[in-house]
1. Just to be sure I understand, how many residues within segment 4-23 are assigned to a loop (DSSP other than H, G, I, E, B) and under 12 Å from residue 162 (Cα atoms)?
2. I need the full set of residues from segment 324-369 which are at pLDDT 65 or above, assigned to a loop (DSSP other than H, G, I, E, B) and surrounded by 12 or more Cβ atoms within 10 Å (Cβ to Cβ), in order please.
3. Mind listing whichever residues of segment 266-316 are part of a loop (DSSP other than H, G, I, E, B) and closer than 22 Å to residue 206 by Cα?
4. Checking residue 122 against (1) farther than 28 Å from residue 180 by Cβ; (2) assigned to a strand (DSSP E or B); (3) of a type in the set (Phe, Trp, Tyr), which single condition isn't satisfied?
5. Could you check segment 45-72 and list, in sequence order, the residues that are charged (D, E, K, R), within 25 Å of the chain's Cα centre (by Cα) and outside any helix (DSSP H, G or I)?
6. Could you look through segment 24-40, keep only residues that are outside any helix (DSSP H, G or I) and over 23 Å from the mean Cα position of the chain (by Cα), and pick out the one that is nearest to residue 112 (Cα to Cα)?
7. Look at residue 68 and say whether it is loosely packed, with under 14 Cβ neighbours inside 10 Å, in contact with a Ser or Thr (Cβ under 9 Å, 6 or more places away or on another chain) and at pLDDT 95 or above.
8. Here's a check for you: in segment 85-99, which residue that is over 22 Å from residue 180 (Cβ atoms), in contact with a helix residue (DSSP H, G or I) (Cβ under 6 Å, 6 or more places away or on another chain) and hydrophobic (A, V, I, L, M, F, W, C) is surrounded by the fewest Cβ atoms within 10 Å (Cβ to Cβ)?
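The values are calculated or read from the model by the stated rules, or taken from the named source; none is laboratory data. All values derive from a computational prediction rather than experimental measurement. Please note: Cβ atoms are built from the backbone with ideal geometry, for glycine as well, and neighbour counts cover all protein chains shown.
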Amino acid sequence: MNTLQVDLGKRSYPIHIGQDLIGSPELVLPHVRGKQVLIVTNTTVAPLYLEKARAAFPDRQVATLVLPDGEKYKTLETLNLIYDCLLEHRFHRQATLVALGGGVIGDITGFAAASYQRGVDFIQIPTTLLAQVDSSVGGKTGVNHPLGKNMIGAFHQPVCVVADTGSLNTLEDRQLSAGIAEIIKYGLIRDPAFFTWLEQNMEALLNRNPETLAYAIERSCRNKAEVVARDETEQGERALLNLGHTFGHAIETGMGYGTWLHGEAVATGMIMAADMSKSLGWLDQKALQQVANLIDRAQLPTRAPSELSTDRFIELMGVDKKVQDGHINLVLLKTIGQAVVTGEFAMTLLRHTIDEHHALTLTRGPGLS
């Protein structure tokens, strides 16, 4: 097991990464202040890991809540089910919520923890690759709105993250690739040596080589922890973690939540961002091809969905947390390993980029081989 620290002063917390960590009391009990624990999970994860997770909380009053699985359930209505459970069991301010699952469970449970009685503790036990390398770390919590993804939420840091790499053995291939998209992101925005390592080790990642996965998870978490420690509430540098996300969120919202996985949409968004970066004279053709090739090798979609018109795409991109005074800001690449947030581009260039990605043949999409 390796342990990293997210350095936030009094609110610092550990990220434990290793095999067979679910069910380990010594990792979680030091962070549980009271007797009451609510484990929130979903219908896919519960049969696999719920009882094992319960075993990590001996001598605690453990309640469980099993939610439906899927991005389309990341809503205020589902959030209210958590509140109902907390109130029915008369949970108080010393209670601890535990998010056992992927990014949806982590985000919605974290938001419940942030808002229940104005804030209670929560622990992240991510069971997908995307959650282990990205969404479980950093304290972004929230739910979707029909008009925009993650537009309702709060910053609320967990007190502990337990990333059990063994849980990835039960992960679908499509979900594994979706997580790899966020891993690639770290190489692109700030860690060029890691990008090169990914080019050399992509097949081992896809084949779930334990040592390769563990290294990729640890390096990704280390990258994110460093950024979060410097800019917890996304006033500057942390926005770089959104490479591909403004494009990607438009795809997720426009296609219907859950049609494209988050990592799939982000993967296509990163290629579109790289293409715009080339048009601005920053990336050269070789670098653009490197980005596209690595994403394609990760078995991720490389083209925008033709069902979304360019006008609709731009309309959806306008519902984004980086929009300022009605102007869309994007994370773009100066080079592989260096990203910037900028609004200094012509809307005609953005429109051209979307048009071009519609025009190109769809080589791979969600659910396609």
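1. Of the residues in that region, 5 qualify.
2. 328, 329, 336, 337, 343, 345
3. Step one: filter segment 266-316 for residues part of a loop (DSSP other than H, G, I, E, B), giving 280-284, 298-309.
Once the filter is applied, which keeps residues that are part of a loop (DSSP other than H, G, I, E, B) and closer than 22 Å to residue 206 by Cα, segment 266-316 yields 298, 299, 300, 301, 302, 303.
4. All conditions are met except number (1).
5. Of everything in segment 45-72, just one residue is charged (D, E, K, R), within 25 Å of the chain's Cα centre (by Cα) and outside any helix (DSSP H, G or I), namely 69.
6. 37
7. Details: loosely packed, with under 14 Cβ neighbours inside 10 Å: yes; in contact with a Ser or Thr (Cβ under 9 Å, 6 or more places away or on another chain): yes; at pLDDT 95 or above: yes.
For residue 68, the condition - loosely packed, with under 14 Cβ neighbours inside 10 Å, in contact with a Ser or Thr (Cβ under 9 Å, 6 or more places away or on another chain) and at pLDDT 95 or above - is met.
8. Restricting to residues being over 22 Å from residue 180 (Cβ atoms), in contact with a helix residue (DSSP H, G or I) (Cβ under 6 Å, 6 or more places away or on another chain) and hydrophobic (A, V, I, L, M, F, W, C), the top hit is 86.
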